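Asks: My questions will all concern the structure given below.
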Amino acid sequence: QVQLVESGGGLVQAGGSLRLSCAASGSIFRTNTMTWYRQAPGKQRELVAHITKPGSTNYADSVKGRFTISRDNAKNTVFLQMNSLKPEDTAVYYCNANLQPRGSFIMSDYWGQGTQVTVSS
């Protein structure tokens, strides 16, 4: 059984920083892309940052220059370093991993449970 567990959310003042982590555990054969999404109250879930296995990255325009996504392939873990946080960054942050469990022949998407990030003004 594959699980994604996020950590690192919390309450921070505007201008502050947080670092989110998401670890994929269980019987995993291989992991492909890993992605952070967020969903603010009353809004649709949106892509924040995306990283391929070799390390190519992509960011939403709203976070470019402030957020950095990285990963540790040996530990099937993805990170999101968030600097210069703004109140509009307040949301539940979810990680997504496209991976192939052992015993499966296909890649599938798995989601974490979400972690709350609140930025006060």
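Asks: Any residue at all in segment 35-53 that's touching a His at 6+ places or on another chain (Cβ under 6 Å), polar (S, T, N, Q), in contact (Cβ under 8 Å) with a residue 40 or more places away in the chain and not in a loop (DSSP other than H, G, I, E, B)?
Replies: Yes; the residues of segment 35-53 include at least one that is touching a His at 6+ places or on another chain (Cβ under 6 Å), polar (S, T, N, Q), in contact (Cβ under 8 Å) with a residue 40 or more places away in the chain and not in a loop (DSSP other than H, G, I, E, B).
Asks: Name, by its number, the condition in (1) among the aromatic types (Phe, Trp, Tyr); (2) touching a residue at least 12 places away in the same chain (Cβ under 8 Å); (3) open to solvent by 40 Å² or more (accessible area, probe 1.4 Å) that does not hold for Phe67.
Replies: Going through the list (1) among the aromatic types (Phe, Trp, Tyr); (2) touching a residue at least 12 places away in the same chain (Cβ under 8 Å); (3) open to solvent by 40 Å² or more (accessible area, probe 1.4 Å), Phe67 breaks only (3).
Asks: Quick check: is even one residue across segment 96-110 without any contact (Cβ under 8 Å) to a residue 40 or more places away in the chain, part of a loop (DSSP other than H, G, I, E, B) and over 12 Å from the mean Cα position of the chain (by Cα)?
Replies: For segment 96-110, residues without any contact (Cβ under 8 Å) to a residue 40 or more places away in the chain, part of a loop (DSSP other than H, G, I, E, B) and over 12 Å from the mean Cα position of the chain (by Cα): present.
Asks: Could you tell me whether Ser70 is closer than 21 Å to Gly10 by Cβ and touching a helix residue (DSSP H, G or I) at 6+ places or on another chain (Cβ under 8 Å)?
Replies: Answer is no for this residue.
Asks: Given the condition open to solvent by 60 Å² or more (accessible area, probe 1.4 Å) and touching a Leu at 6+ places or on another chain (Cβ under 9 Å), answer yes or no: does some residue in segment 43-56 qualify?
Replies: The answer is no, given that none of the residues of segment 43-56 is open to solvent by 60 Å² or more (accessible area, probe 1.4 Å) and touching a Leu at 6+ places or on another chain (Cβ under 9 Å).
Asks: Residues in segment 46-54: is at least one of a type in the set (Gly, Ala, Ser) and touching a Phe, Trp or Tyr at 6+ places or on another chain (Cβ under 9 Å)?
Replies: Checked against the condition, which is being of a type in the set (Gly, Ala, Ser) and touching a Phe, Trp or Tyr at 6+ places or on another chain (Cβ under 9 Å), segment 46-54 yields at least one hit.
The values are calculated or read from the model by the stated rules, or taken from the named source; none is laboratory data. Please read these numbers as outputs of a predicted model, since none were measured by experiment. Virtual Cβ from ideal backbone geometry, glycine too; neighbours counted across all protein chains shown. Areas reflect the complete protein model, heavy atoms only, side chains present, ligands, DNA and RNA absent. Shrake-Rupley method; radii C 1.70, N 1.55, O 1.52, S 1.80 Å.
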